Structure formats: structure tokens, C-alpha cells
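Asker: I have a structure I would like to understand better, so I am pasting it below and will then ask my questions one at a time.
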Amino acid sequence: LVRRHWDQQLGNETLTPIAPIQQRIQRWRDLTGKSIDLFMGDINNYSFLINSLREFQPDSIVHFGEQRSAPFSMIDREHAVLTQSNNVMGNLNILYAMREEFPDAHLVKLGTMGEYGTPNIDIEEGYITIEHNGRKDTVPYPKQPGSFYHLSKVHDSHNIHFACKIWGLRATDLNQGVVYGVLTEETGMDELLINRLDYDGIFGTALNRFCIQAAINHPLTVYGKGGQTRAFLDIRDTVRCVELAIANPAEPGHFRV
């Protein structure tokens, strides 16, 4: 729920009003008969995290609990430190919780295509085979991130890769492109379940922001020279990717990208 706090600090507001979390969970239960357990706390607080997981006993852990904005991470020292301490340490706490009590659980982690930057060669899925001085090896694809946020995701990937190698954990890193849209089949069932529509310069993803700007006849706020080609992903496909990863977990000891 920290986004509401940051929005207040930054003077931003989602275009779609977001109801209190307890109200949303109750509405979901009314509509579907399904209940969602809520544990409110900070993943950087290890005792909170491990106690919540003990109560829940997960088969899969979908990790979305990170500061997700590159512009936010570049505001100043404080925002860069907050981004990296929240993201890297929180993710490390999850890895230790898995090692200690849930070694068979499958971690599904939201990475980002921004980990790779914009190399002048094709981006492979996670790994690349390199031949150098007559020897050959398969190594993680080189990372060239463009912000302290994207760097935090690179650190996460390295830590997860290491944990899988030394502890035999299983994980899937989903490095997705720019996501657009706000509605899934479930969130479209009722106004109280609707997603955020951010259109500001900090949290508004490109296509969502461009749509709002076009609607009000505002010049599009293009980053840099505007010459980069990027993939865009419908939010429903984002959810489907997560679903597929959960249904087909990585093998023990395997860091799948």
C-alpha cells in the first residue's frame, strides 16, 4: 500500500479512484465467494515476512513488492537508496525465507527488460553462449541498466541466480516490457476492483500516459530522442505469463528467465 503514501508525497493521483484494500477484498468475496488473506507489513521486516509465509504455506511466491519506477529512483540520493534498499533487501529476505522453510516453493519474480538496456545485438532469454579465445561457455546475458531502479532488478537477478545455484531453489524471472492497460477480466467485474491508471511522469507507463495526453490534446512526453523501439505488453498478458509460470514451475536449482 506504499504507493498511496508516495503519491501523496509527490502530489500525484491515479485517474481511477482506488478503494481501501479491505473494501476491495470484501467486494471480491461478495462477487466470487473467494477470500484473499491480507497480511499488512514490510518485506524488509524479516519476522513479519516469515510469519506471514508460515501462516500461508505457499507453493508459489509471486514477488511484486518492489518500487517499480525508474524516474522515482533517479529523483535524488534518498529515492535511489530507498529503491535499492527496498528492492534488493526485500528480495533477499524472500530468498532466505524460502531457503529456511519453503525450499520447494517456486519464486515467480517480476524483472524488467530494462535490465538489458539497449545492446546492439539480439537479447536472448536470460543466457548467451559466448566463444572467446577458442573456449566456449553459456553465461547470463550482459546487463546494461539505465537507472538505479533497473540496477536494483539486476542485483535481484544475480541474487536469485546465486540462491538457486547454492541452495537448489527454483525461480522464474519474468523480464517484461512496458505494460499498458488497466483491466483484466477480474478487475473489470466491479468499479471497486479497478486498477490504477497512472499518467504522471513518475509512475505513468509510456502508453497509458500517451493515451491520456492524446485525449486532452497534450504533446506526447517522449523520453530522450524518441528513437528506441520497445515491446508493449497488455496487462492481461502480464497476468497470463504469471499464471503460466506458476502452472509450470522451474526445476530445483534452476534460475529460469
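Asker: Quick check on the range 135-151. Is at least one of its residues open to solvent by 40 Å² or more (accessible area, probe 1.4 Å) and among the β-branched types (Val, Ile, Thr)?
Answerer: Yes - at least one qualifying residue is present in the range 135-151.
Asker: I've got another one for you. Test of understanding: among His150, His155, which residue is touching a residue at least 40 places away in the same chain (Cβ under 8 Å), touching a helix residue (DSSP H, G or I) at 6+ places or on another chain (Cβ under 8 Å), farther than 20 Å from Arg230 by Cβ and in a helix (DSSP H, G or I)?
Answerer: His155
Asker: If we keep just the residues of the range 1-15 that are part of a loop (DSSP other than H, G, I, E, B) and either of a type outside the set (Val, Ile, Thr) or at pLDDT below 90 (or both), which is most open to solvent (accessible area, probe 1.4 Å)?
Answerer: The extreme case among them is Glu13.
Asker: Moving to a separate point now. Residues Asn208, Asn248, Asn217, Asn195: which one is touching a residue at least 40 places away in the same chain (Cβ under 8 Å) and of a type outside the set (A, V, I, L, M)?
Answerer: Asn195
Asker: If you take the residues in the range 41-61 that are aliphatic (A, V, I, L, M) and in contact with a Gly (Cβ under 9 Å, 6 or more places away or on another chain), which one is least open to solvent (accessible area, probe 1.4 Å)?
Answerer: Only one residue fits best here, namely Leu49.
Asker: Check off (1) without any contact (Cβ under 8 Å) to a residue 24 or more places away in the chain; (2) surrounded by fewer than 16 Cβ atoms within 10 Å (Cβ to Cβ); (3) more than 18 Å from the chain's Cα centre (by Cα); (4) under 27 Å from Arg24 (Cα atoms) for Glu243 and give me the number that stays unchecked.
Answerer: It fails just one condition, (3).
Asker: Right, next: Quickly run through the range 31-58 and pick out the residues that are out of contact with any strand residue (DSSP E or B) (no Cβ under 8 Å at 6 or more places or on another chain), more than 30 Å from Asn208 (Cα to Cα), assigned to a helix (DSSP H, G or I) and not β-branched (Val, Ile, Thr).
Answerer: Hits for the range 31-58 are Tyr46, Ser47, Phe48, Leu49, Asn51, Ser52, Arg54, Glu55, Phe56.
Asker: Mind listing whichever residues of the range 121-134 are open to solvent by 40 Å² or more (accessible area, probe 1.4 Å) and not in a strand (DSSP E or B)?
Answerer: Answer for the range 121-134, where residues must be open to solvent by 40 Å² or more (accessible area, probe 1.4 Å) and not in a strand (DSSP E or B): Ile121, Asp122, Ile123, Glu124, Glu125, Asn133, Gly134.
Asker: Let me ask you something else. State whether the residues of the range 109-121 include one that is among the acidic types (Asp, Glu) and under 30 Å from Asp198 (Cα atoms).
Answerer: yes
Asker: When only residues in the range 194-214 that are crowded, with 18+ Cβ neighbours inside 10 Å and part of a helix (DSSP H, G or I) count, which is nearest to the chain's Cα centre (by Cα)?
Answerer: Result: Asn208.
Asker: What pairs come out if I take residues in the range 30-53 that are within 28 Å of Asp190 (Cα to Cα) and pair them with residues that are open to solvent by 70 Å² or more (accessible area, probe 1.4 Å) and part of a loop (DSSP other than H, G, I, E, B) whose C-beta lies under 8 Å away, six or more apart or interchain?
Answerer: Close Cβ pairs satisfying both conditions: Met40/Leu1.
The values are calculated or read from the model by the stated rules, or taken from the named source; none is laboratory data. Computed from a predicted structure; not experimentally measured. Cβ coordinates were reconstructed from backbone atoms using ideal geometry, including for glycine residues, and neighbour counts include every protein chain displayed. Side chains are part of the model used for accessible areas, which takes the heavy atoms of the whole protein and leaves out ligands, DNA and RNA. Shrake-Rupley method; radii C 1.70, N 1.55, O 1.52, S 1.80 Å.
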